[in-house]
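Enquirer: Let me begin by handing over the structure; questions about it come next.
The values are calculated or read from the model by the stated rules, or taken from the named source; none is laboratory data. Owing to the predicted nature of the structure, the values given are computational and were not obtained by experimental measurement. Every residue, glycine among them, receives a Cβ derived from its backbone with ideal geometry; neighbour counts consider all protein chains shown.
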Amino acid sequence: MHEPLASAPLVFRDDGTPYSPRHDDIYHSAAGALAQAHHVFLNGNGLPERWRGKARFSVLETGFGMGINFLATWAAWRDDVQRAASIEFVSIEKHPFSADDLRRAHATIIDDETIVPLADALASAWPPLVPGVHRLEFDAGAVTLKVAFGDATDLLPRLSRSGMRADAIYLDGFAPAKNPDMWTPAIFASLADIASEDATFATYTSAGDVKRALLQNGFEYRKVTGFGGKRAMLVGRRGRS
């Protein structure tokens, strides 16, 4: 029996930043959701350069949230004339938004007109909020989104057993102090199983526990300048064996 899926409420702080009462944390910096996605996750994983010339490129994300990282990645793929032939984006979310709340959130935080139709396509295809892996296809099947509703501790081993291998990992599950369940040793062990030989990762956090867990599971990291006034974030890759 699956636990009932508890959806996320759409709440905004006074400055307009989306906020999670459950985790007492914000979904993105007040400096901008799309700008954060580009700085932290695309640039942090060397994209779009790393997918160029590949038949297929896979991204794994540990917190879908409002889908901003997916939308930014999809838009960057579309804009790149040297892009991979297809892209697979797999994202886990324990507390998803409803389609209506996704639309409301996107209308508030997306300020790039090229992404508006992508956000509309995402909300229109959004699956019912039931546990499991839901496959969505865009751009005639060249872009695949597998959004996995449920607990990452259960879903990541399932994805590994299915044969998924991630070329880039977006570690985006709220701050470790606010949502420790997304930063456990079991989570990092599963990420190591899923990571391809040349996989990279990026994350907004630079917490010491995260650094230790990365090293213990065969990842190499380095600190780089964070986003929106944050001093540091972590980027890195699977360690060379």
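Enquirer: Under 9 Å between Cβ atoms, at least 6 apart or on separate chains: pull out the pairs that start in the stretch 135-147 with a residue that is among the aromatic types (F, W, Y) and end on any residue that is modelled with pLDDT of 95 or more and part of a strand (DSSP E or B).
Expert: F138/T144; F138/L145
Enquirer: Considering each of E93, E88 in turn, give the residue that is touching a residue at least 40 places away in the same chain (Cβ under 8 Å), farther than 22 Å from S29 by Cα, in contact with a Phe, Trp or Tyr (Cβ under 8 Å, 6 or more places away or on another chain) and not hydrophobic (A, V, I, L, M, F, W, C).
Expert: Only one candidate passes the filter, namely E88.
Enquirer: Which residues, taken from the stretch 98-124, are under 20 Å from K146 (Cβ atoms) and either in a loop (DSSP other than H, G, I, E, B) or among the aromatic types (F, W, Y) (or both)?
Expert: Hit for the stretch 98-124 is S98, nothing else.
Enquirer: Can I ask one more? Suppose the filter is over 15 Å from G44 (Cβ atoms), surrounded by 16 or more Cβ atoms within 10 Å (Cβ to Cβ) and aliphatic (A, V, I, L, M); does A199 pass it?
Expert: So A199 does not fit the description; no.
Enquirer: To continue, here is another question. Restricting to the stretch 69-106, give me the number of residues that are of a type in the set (V, I, T) and farther than 17 Å from P127 by Cα.
Expert: 3
Enquirer: A follow-up question, please. Do you know which of the residues in the stretch 160-185 that are of a type outside the set (F, W, Y), crowded, with 19+ Cβ neighbours inside 10 Å and at pLDDT below 95 is farthest from L5 (Cα to Cα)?
Expert: If we take residues in the stretch 160-185 being of a type outside the set (F, W, Y), crowded, with 19+ Cβ neighbours inside 10 Å and at pLDDT below 95, then P176 is farthest from L5 (Cα to Cα).
Enquirer: Let me ask something else. Going by the conditions given, is L156 surrounded by 19 or more Cβ atoms within 10 Å (Cβ to Cβ) and under 28 Å from W126 (Cβ atoms)?
Expert: yes
Enquirer: Still on this structure, please answer the following. Quick one: would you say V224 is loosely packed, with under 14 Cβ neighbours inside 10 Å and β-branched (V, I, T)?
Expert: no
Enquirer: With the structure loaded, tell me whether P127 is without any contact (Cβ under 8 Å) to a residue 40 or more places away in the chain, surrounded by 14 or more Cβ atoms within 10 Å (Cβ to Cβ) and either in contact with an Asp or Glu (Cβ under 7 Å, 6 or more places away or on another chain) or outside any helix (DSSP H, G or I) (or both) or whether it fails that test.
Expert: yes
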